[in-house]
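Every number in this text was worked out from the coordinates using simple rules, so none of it is lab data. Predicted model, so just to flag it, every value in this text is computed and none were measured. Note that each Cβ is placed from the backbone with ideal geometry, even for glycine, and that neighbours are counted across all protein chains shown.
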Amino acid sequence: MNNQTQNAIDIVLAESLKELAATKPIDKITIKEITNKAGVIRPTFYNHFQDKYELLEWITVNELFAPIEPLLANGMLREAITFLLTTIFKGKDFYKRAAQLEGQNSFNEIFNRCVANLVKKYIDIDGLLSIANYEWLNEKLVSEFLAHTISWVTIQWIMRGMDTPVDELADVYVKIFHSPIIQVISNSDK
């Protein structure tokens, strides 16, 4: 990805993709359609993004994950999760289309990678290792486990129409984040 900063062109291109996705699957949207809707020329798009999937990643990072970093840095996990899920819910038409993408460059892959990066940054691996000091148990394994779990639940929630209230889903995420690996490992001797 060229950059993760926001500038006016990036925002206009992102809004263009989001508006187009309200009526058309993302994999069927062309760069020309994005630039026409944004009122820019194709070379402008390519000065900012390699393709629409990189634009999708930019949207995911800047709309969902960058805003929750300060909350997580201040120990506000529930608030961060609630913000993320509320943002998805408000943009449900776009995120439903995004969740339908499959394979490489899918929303699931991007979302999973973003969650894993945040988990690695904020996980208390020393606390985990003090409970269960296994050689195979490391930051990468735990972050991937939690990221896959959270990503799978999120994609299912999106695909099933986001009927579960955000507060309930946030509660589940907080529990997933704080307990399953520790409980599984600490109860393995019983």
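Using only Cα atoms, locate the centre of the range 86-110 and the centre of the range 1-74, then give the distance between them in Å, rounded to an integer.
When both Cα centres are located, 13 Å separates them.
Could you tell me the calculated FRET efficiency between Ile11 and Glu168, based on Cβ-Cβ distance and R0 = 45 angstrom, to the nearest 0.05?
My answer for the efficiency is 0.90.
Please turn the phi angles of the range 103-109 into ³J(HN,Hα) values with the Karplus equation 6.51 cos²θ - 1.76 cosθ + 1.60 (θ = phi - 60°), one per residue in order, whole Hz, x for glycine and proline.
Along the range 103-109, the couplings run x, 4, 6, 6, 4, 4, 5 Hz.
Starting from the Cα-Cα distance between Ala73 and Trp152, subtract it from 0.36 nm times their residue separation and give me the gain in nm to one decimal.
This chain segment gains 26.0 nm when fully extended.
Rounded to whole Hz and in sequence order, give me ³J(HN,Hα) for the range 146-153 from the Karplus expression 6.51 cos²θ - 1.76 cosθ + 1.60, θ = phi - 60°, writing x for Gly and Pro.
5, 5, 5, 5, 5, 5, 4, 4
Once you keep just the Cα pairs under 8 angstrom separated by 6 or more residues, what percentage relative contact order results for the range 1-64?
Numbers: 43 pairs, mean separation 28.4, N = 64.
For the range 1-64, the relative contact order is 44 percent.
If you count, for each residue, the other Cβ atoms within 10 Å and average over each peptide, how do 54-66, 159-171 line up from highest to lowest?
Packing proxy ranking, top to bottom: 54-66, 159-171.
Can you give me the distance in nm between label points at Thr44 and Glu19, each placed 7 Å from the Cα along the Cα-to-Cβ direction?
It is 1.3 nm.
Where the Cα atoms of the range 23-155 are projected onto their three principal axes, how long is each span, largest first, in whole Å?
The Cα atoms of the range 23-155 stretch 56, 28, 26 Å along their principal axes.
Kindly write out, for the range 154-170 in residue order, the coupling ³J(HN,Hα) from the Karplus curve 6.51 cos²θ - 1.76 cosθ + 1.60 (θ = phi - 60°), rounded to whole Hz, with x marking Gly and Pro.
Once rounded to whole Hz, the list reads 5, 4, 4, 4, 5, 5, 8, x, 6, 6, 5, x, 3, 4, 5, 5, 4.
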